[in-house]
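Engineer: The following block contains the structure, expressed as structure tokens.
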Amino acid sequence: MQQEIRFATFNVCNLSQPGAKLYDNLAPLTEAGYEAKVAWTAQQLDQLDADVIGLQEIFSLDALRDVLAHSERYRHATLAGFEPPADPATGLPRVTPELALISRLPLAAPAQAYIMFPDGVALPDGSRDADRFARAPLHAQIVLPDERIVDVIVVHLKSKRPDYQQGDSGDAPMLHAQANLRSLIRRGTEAVALRALLSAMDKAIRRPRIVLGDFNDTVDAVTTHIVMGAGAACEPGEELHGQLFDCRQIQSGRERRRDAGYTIAHEGRHATIDHVLVSEEFNPASHHAIGEVVDVSYLNQHLIDATPAASDHGQVLATLRLY
């Protein structure tokens, strides 16, 4: 019997405890602001109604637990997350956004965070945290209703925000260009590191995989294509092995929608930088397919309404039908 399973990605935008200082240019949440943020996020989760949701910008797992307690559909869901180690210099918790996953399906094993880059991948000498992800990808093994296991990896690559560093000096346009280049190099290196992790998984065991999250670039960007493994040479008959595919591009059953498919809106411009990517097991073109993508939808009305407690990202919801 065919069964549908729903996967979603949700950048919640700075979910933290009230009073926590996150950025110099961002005021901490007040108690009232926190309550509104928790209520809106819980409502959005319930609207998604996905079996598995990958989340980004989680500054506090306790705040996320509060969100789940306020939801109707996820009060008893499994929460997988990563608490970063304390700063070795200060002993205080690192104030960095992390990733989390909530699932109404069981996990086959405890979730794993990949802090360090794989061997052979590193940022240029002198870069900050040259040997590690800024936001550690989170890997969970989800048990499907038919007992098969699917790997779900939640990601959040570096944004396009210029990366200025202490000691920068000189001509302002050149400083801005160099700061943009640092961001691009960071995002590109993280994409290569993620591709290396995925390739290692493919060699270790062949099974369905879903990579979802905030890629901070469009699906046709070079960095996204690196993660997807597009264009790699393969053995005859295995051309799709190891590759990932954008759910919207391979969904079946109807014409793709070309209107409301965006997850960010800025100064009148719209783009999709949050993606749900699937392995060949969900691509009907593969003889290894165990299912197909039957629908992809975007929850982005809040980007128009501009509610203060809302996220600045839309959510992507992909429905897969298992054979």
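What follows is calculated from the coordinates using simple rules that are stated; it is not laboratory data. Not measured: the values here are computed from a predicted model. When we count neighbours, we look across all protein chains shown, and the Cβ atoms used for this are built from the backbone with ideal geometry, even at glycine.
Engineer: Cα to Cα, under 17 Å, and not fewer than 8 places away if on the same chain: which lysines meet these conditions relative to K37?
Structural biologist: Partners found: K21.
Engineer: If packing is taken as the average count of other Cβ atoms within 10 Å, what order do 302-308, 132-138 fall into, highest mean first?
Structural biologist: Sorting 302-308, 132-138 by mean packing, highest first, produces 132-138, 302-308.
Engineer: Quick one: 3J(HN,Hα) in Hz for segment 179-193, Karplus 6.51/-1.76/1.60 with θ = phi - 60°, rounded, Gly and Pro as x.
Structural biologist: Those phi angles translate into 5, 5, 5, 4, 5, 5, 5, 4, 5, x, 5, 5, 5, 5, 4 Hz.
Engineer: Another question, if that's okay. Given the -39500 (n - 2.57) contribution per DSSP H run of 4+ residues, what per-residue ellipticity at 222 nm results for the chain, rounded to the nearest 500 deg cm²/dmol?
Structural biologist: -7500 deg cm²/dmol
Engineer: Modelled label-to-label distance, L61 and A108, 7 Å Cα→beta-carbon offset: nm?
Structural biologist: 2.2
Engineer: Given the peptides 114-120, 243-249, arrange them by the average over their residues of other C-beta atoms within 10 Å, most packed first.
Structural biologist: Highest mean packing first, the order is 243-249, 114-120.
Engineer: Quick one: which of 187-200, 97-110 comes out on top by average Cβ neighbours within 10 Å, and what's the full order, highest first? Before the final figure, lay out the partial values.
Structural biologist: Details: 187-200: 20.4, 97-110: 18.4.
Final packing ranking: 187-200, 97-110.
Engineer: Under the Karplus relation 6.51 cos²θ - 1.76 cosθ + 1.60, θ = phi - 60°, what is the ordered set of whole-Hz ³J(HN,Hα) values for segment 267-277, x standing for Gly and Pro?
Structural biologist: Working through the residues one at a time gives 6, x, 9, 10, 7, 10, 10, 10, 9, 10, 10 Hz.
Engineer: Just in segment 1-84: which GluC sites (Glu not before Pro) are loop by DSSP and have at most 13 other Cβ atoms within 10 Å?
Structural biologist: Passing both the DSSP loop test and the Cβ count: E72.
Engineer: Can you run phi through the Karplus equation (6.51, -1.76, 1.60; θ = phi - 60°) for segment 240-246 and list ³J(HN,Hα) in whole Hz, with x for Gly and Pro?
Structural biologist: So the Karplus estimates, Gly and Pro as x, are 9, 5, x, 7, 10, 10, 5 Hz.
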